[in-house]
Structure formats: C-alpha cells, structure tokens
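The values are calculated or read from the model by the stated rules, or taken from the named source; none is laboratory data. Predicted, not measured: the structure shown is a model, and the values here were computed from it. Counting neighbours? That spans all protein chains shown, and the Cβs are built from the backbone with ideal geometry, glycine included. Just the protein is used for accessible areas: all its heavy atoms, side chains included, with ligands, DNA and RNA removed. Shrake-Rupley method; radii C 1.70, N 1.55, O 1.52, S 1.80 Å.
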Amino acid sequence: MNSVGKTTLNINPIYKFLLYQMIKKDLSSHIACDGNSLSTYNIDHKQKMYGNPLYYFVLRKIKKKIEKVVNGRLSPHSMWFNVNRKGGRTINHNHYTVGEDKISGAYYLSKPENSGNIIFNTLDDKVFVKVNTNDLIFFDSKFYHETEENKSNQERIICGFNFLVSYWHPP
C-alpha cells in the first residue's frame, strides 16, 4: 500500500462510552505522546486485543472495513489508544519494522472541533488530512506521521493499530 486510505466506521455510542471507561484505567505516558497526552501503548497488546471482548469487537470492525479496500489478508499485530487533551499531540514517527509488511492507522473515536488533524511527512512536504469523529485512516507503516496539537478543551481519542498483511500472488 503506497497511499493513505480514509473511510468511516460507526460504532454504537454506548460501546464507545464503555470503551473509554476501560481505556482510562490503562493510560500512561509514551515516548510518541507530547504535551498533555496519554496512551495505552505500554499494555500487553495481545492481552488487550483478545482478552477484552469490547477491544476485540473494535479490532474486528476495523479489520473488516480495511479488508474491503486492501487486496490482502490482515492479521492483527497491535492496538492501543491515545488520548490527547488540550495541548497534547503525537510527535512524528512511523510504525515500520524490518521484515514486516504492515498497514497502520488510526480510528477517531472522538475528534472535537479544533482538536487537530493528522499530518503525513514526506521528504519534501507535509500533507494535512482533515479528520472527524468516526474517521478511519490507514496507511503503509513506513509513512511518517504526527498530529496537530489539540487546541480544544475536549479530548481527542484515537485507536491506533497495526495489521500484518499477506498478499495473494497467483502462481
């Protein structure tokens, strides 16, 4: 995959509320979180993805949505949640690991007005992608990306993820 995909994914607001109650218990600081931001990234990914029915429900919905667009089979690799409060942002980074073909992305559970968008950085330019609540953004794990600072008084809540990709090649 050599481009950025964008679609929407609607999840029941009650599920989102319950999910956020669970996320709050696991939040801690992370190297990619800057300012007033916290993440669940440091929690065991496999336990989180498969051990919690609500996390697994969200993961499956994301996987099905992306598989409709990408010509390949996806296997869950990792999933976490970032909460960016006023002044918070995510610094420039990528998710690439040598030897792994991955699709990375972000599902915006909550994206208030003025809470910042995602930015993709190329060698020559910055590409700003406007996002809204329920947007699902996915891209090659090699792509460097960051977010704008959250300037609102509300939290921007994002589910980050990586999927390993298996492409079918005819004989």
**Asked** Karplus couplings for segment 117-125 from phi (6.51 cos²θ - 1.76 cosθ + 1.60, θ = phi - 60°), rounded to Hz, Gly and Pro as x?
**Response** 10, 8, 10, 9, 10, 9, 4, 10, 8
**Complete:** Pseudo-spin-label distance Ser166 to Val129, built 7 Å along Cα→Cβ, given in nm, is 2.6 nm
**Request:** Give the carbon-plus-sulfur fraction of the accessible surface of the chain in %, rounded to a whole number; probe 1.4 Å, heavy atoms of protein chains only.
**Result:** 52 percent
**Asked** If you take the charge dipole of the chain about its Cα centre, with +1 on Lys and Arg Cβ and -1 on Asp and Glu Cβ, which of Ser75, Gln21, Thr8 is farthest toward its positive end?
**Response** Gln21
**Value of Rg/Rh across segment 17-171 [Cα atoms, Kirkwood radius]** = 0.96
**Asked** Using the heavy atoms of the protein chains alone and a 1.4 angstrom probe, what is the accessible area of segment 1-130 per residue in square angstrom?
**Response** 54 Å²
**Message:** At 1.4 Å probe size, what's the solvent-accessible area of Thr97? Round to the nearest 10 Å².
**Reply:** 60 Å²
**Whole-Hz ³J(HN,Hα) from phi, Karplus 6.51 cos²θ - 1.76 cosθ + 1.60, for segment 99-113, glycine and proline x** = x, 10, 9, 10, 10, 10, x, 9, 10, 8, 5, 8, 9, x, 4
**Request:** Could you check which residue among Asn92, Asn52, Asn117 shows the biggest mean-square fluctuation in a GNM of the chain with a 10 Å Cα cutoff?
**Result:** Asn52
**Complete:** Comparing Leu18, Leu27, Leu136 in a Gaussian network model of the chain (Cα, 10 Å), the one with the largest mean-square fluctuation is Leu18
**Request:** About the Cα centre of the chain, how large is the charge dipole given +1 on each Lys and Arg Cβ and -1 on each Asp and Glu Cβ? Please answer in debye to the nearest 20.
**Result:** 640 debye
